[in-house]
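Worksheet for the structure shown next.
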Amino acid sequence: MSANILHLRSSQMLQLLEKSLRKSLPESLKVYGTIFHMNQGNPFKLKALVDKWPDYNAVVVRPEEQEMTDNSDHYTNTYQIYSKDPKNCQEFLGISEVINWKQHLQIQSSQSSLDEVIQNLASTKSVKVKRTQCILYMMPETVKTLVPSLLQAKNLSPETRRPKPINEELFKLSSLDITHAALVNEFWHFGGNERSQRFIERCIRTFPTFCLLGPEGTPVSWSLMDQTGELRMGATVPQYRAQGLISHLLYSHVQALNKLGFPMYNHTDRANKFVQKMSESLQLVRLPCDWSQWNCVPL
């Protein structure tokens, strides 16, 4: 490994990194959430790389090399990045041991200021890049613990608002199993293919999942977590929409994960006014930074 790449292996270092990233919230959120779960047993077999220690400028979290065997699987080949000085992290991100630019990959960050660096690298590495920017929300319980100043500044509630009750005779709270991955994949905005289904199966096996079973005994609404601790892939099947099911489910998910002390957040598409309205009704806190994903394909 190059002299200016440090792999943080010890639990002590990773705990110090988590503590340090906490001071840079919400901009460090995607990396903070990932490191948090690495410190809870690292179920996704990820590794954290920094340019120097302890006074790092850039952190990149990525899978171990042996996990990244499929060059076209950008779901597995996903990197989370945070930098204290985005203008000066291009050299670090350009190192092939940090990011393998020869693969199809995704970069995720809650720092839109990384865009210029990623676009520059893409042009020097002959990579086509497509950026997705979404609205980022944090659950008030998490804001209260991690970034209380956000609540104070806007005079917001420290708790997710309980949604309208649903018919609990008809809809039973449950969890997903692997056989439900195809259904989740069908409705996931970023999914719909074989590789995304494998990624969903892995999330179902690894993290707590929540769903509502309909009268037929199959999931009609669901919500999952990914390796960054974000609540993702939530959906309701068309025939049961507009009944408040996803609000009820999200509320239940938040209550359960809050007891485990997990940081909770999610994103939504800028065009998805329905989810924005639902997030506001649950009193989720819209963050000043956004959710960015760069999808990179070598030319």
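The values are calculated or read from the model by the stated rules, or taken from the named source; none is laboratory data. Just so it is clear, the model here is predicted, and its values are computed rather than measured. Reconstructed Cβ throughout: ideal geometry from the backbone, glycine too, with neighbour counts over all protein chains shown. For accessibility, only protein heavy atoms count, side chains too; no ligands or nucleic acids. Shrake-Rupley method; radii C 1.70, N 1.55, O 1.52, S 1.80 Å.
Number of residues in region 227-252 that are open to solvent by less than 20 Å² (accessible area, probe 1.4 Å), under 27 Å from Phe36 (Cα atoms) and in a strand (DSSP E or B) equals 4. Do we have Pro288 as within 17 Å of the chain's Cα centre (by Cα), farther than 18 Å from Ser175 by Cβ and surrounded by 22 or more Cβ atoms within 10 Å (Cβ to Cβ) here? No, not satisfied.
Exactly one residue out of Ser174, Ser112, Ser149, Ser157 is of a type in the set (Gly, Ala, Ser) and within 26 Å of Leu299 (Cβ to Cβ), and it is Ser112. The test for being of a type in the set (Gly, Ala, Ser) and either modelled with pLDDT under 95 or under 30 Å from Ser149 (Cβ atoms) (or both) does not hold for Ser221.
The set of residues in region 170-197 that are of a type in the set (Val, Ile, Thr) and either in contact (Cβ under 8 Å) with a residue 24 or more places away in the chain or in a loop (DSSP other than H, G, I, E, B) (or both) comprises Ile178, Val184. In region 253-275, the qualifying residues are those that are in contact with a strand residue (DSSP E or B) (Cβ under 6 Å, 6 or more places away or on another chain) and assigned to a helix (DSSP H, G or I), and the one that is surrounded by the fewest Cβ atoms within 10 Å (Cβ to Cβ) is Val275.
Among residues of region 98-120 that are among the acidic types (Asp, Glu), those with a Cβ under 8 angstrom from a residue that is assigned to a helix (DSSP H, G or I) and open to solvent by 10 Å² or more (accessible area, probe 1.4 Å), sequence gap 6+ or separate chain, pair up as Glu116/Pro86; Glu116/Lys87.
The criterion of at least 3 residues that are open to solvent by 70 Å² or more (accessible area, probe 1.4 Å) and either in contact with a Phe, Trp or Tyr (Cβ under 7 Å, 6 or more places away or on another chain) or over 22 Å from Arg9 (Cβ atoms) (or both) is met by the following strands (runs of 3 or more DSSP E) wholly inside region 52-169: 127-138. Filtered by the rule that a residue be under 17 Å from Lys164 (Cβ atoms) and in a helix (DSSP H, G or I), region 276-296 gives Lys277, Met278, Ser279, Glu280, Ser281.
In summary, Ala48 fulfils each of the numbered conditions (1) touching a residue at least 12 places away in the same chain (Cβ under 8 Å); (2) open to solvent by 10 Å² or more (accessible area, probe 1.4 Å); (3) not in a helix (DSSP H, G or I) with the single exception of condition (2). Counting the residues of region 1-55 that are in contact with a helix residue (DSSP H, G or I) (Cβ under 8 Å, 6 or more places away or on another chain) and not hydroxyl-bearing (Ser, Thr, Tyr) gives 24. Considering region 188-226, the residues that are closer than 17 Å to Asn295 by Cβ and polar (S, T, N, Q) include one that is most open to solvent (accessible area, probe 1.4 Å), namely Asn193.
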